[in-house]
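Please read the structure below before turning to the comments.
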Amino acid sequence: MRGAVMIDIGSPRCGRRAVWDEPFEFFGGRRRGEAEGLHQWGGWRVREKYPSLFAWRAPPTWSRVLWSGDDQRRDPGGYRLRHQGVVRCPACHRVARHRLRWPADAYFQWSIRGQTLWAWNAGDARVLLHYVESTLRAPERYPGHAKSLRELPAVFLTARNRGLVARRIRATLAEITPRE
Ligand SMILES: [Zn+2]
């Protein structure tokens, strides 16, 4: 299944922690038996997660890839992930279409010495905290996060800034009510 990453954003209405979700789920494989209610799009089967907000319309290109704006190597045809989606706010109960602006929308973001540090969600923020606090710089020890940790700007990891970064992340994590 693709397009399943949960993203935490600040609620556009109340500013508290809300979920941004992809409007569709994409399933690969050839099991067409369970295709009821799913749309066929090339090798993908597509499920509408919010049928009243987003109806599936196949993108008007030949290309049947899923891509997201942070991966420049991909063909910019096909379906763009992390773009048009739905915000769901448990605090103010808003459920609405929301076009993702990143990292401006990020709930987990911190301004550290003039640079913005962000995480996709609470789980990623915890990984980031653990990595910043560890004395061992070993991104490969964090499966699924190695690439982003490797690309973390050095300013967040200097001896001078590490303590500050860790305190800021810890403070934000302490404010949220557990959801997972
Ligand atoms: Zn809200």
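The values are calculated or read from the model by the stated rules, or taken from the named source; none is laboratory data. Predicted model, so just to flag it, every value in this text is computed and none were measured. Cβ placement follows ideal geometry from the backbone for every residue including glycine, while neighbour counts extend to all protein chains displayed.
Just so you know, in segment 91-106 the residues that are part of a loop (DSSP other than H, G, I, E, B), within 11 Å of the ligand (Cβ to nearest atom) and touching a residue at least 40 places away in the same chain (Cβ under 8 Å) include one that is nearest to Asp124 (Cα to Cα), and it is Ala91. Note on segment 79-132: residues that are among the small types (Gly, Ala, Ser) and surrounded by 17 or more Cβ atoms within 10 Å (Cβ to Cβ) amount to 5. The single condition from (1) free of Cβ contacts under 8 Å to residues at least 24 places away in the same chain; (2) more than 18 Å from Ile7 (Cα to Cα) that Val165 fails is (1).
Quick check, is Arg82 assigned by TED's automatic domain parsing to the domain that holds Thr158 and modelled with pLDDT under 95? Against the criterion (assigned by TED's automatic domain parsing to the domain that holds Thr158 and modelled with pLDDT under 95), Arg82 does not qualify. For segment 131-155, give me each residue that is closer than 19 Å to Ile112 by Cα and within 21 Å of the chain's Cα centre (by Cα). Once the filter is applied, which keeps residues that are closer than 19 Å to Ile112 by Cα and within 21 Å of the chain's Cα centre (by Cα), segment 131-155 yields Tyr131, Val132, Ser148, Leu149, Arg150, Glu151, Leu152, Pro153.
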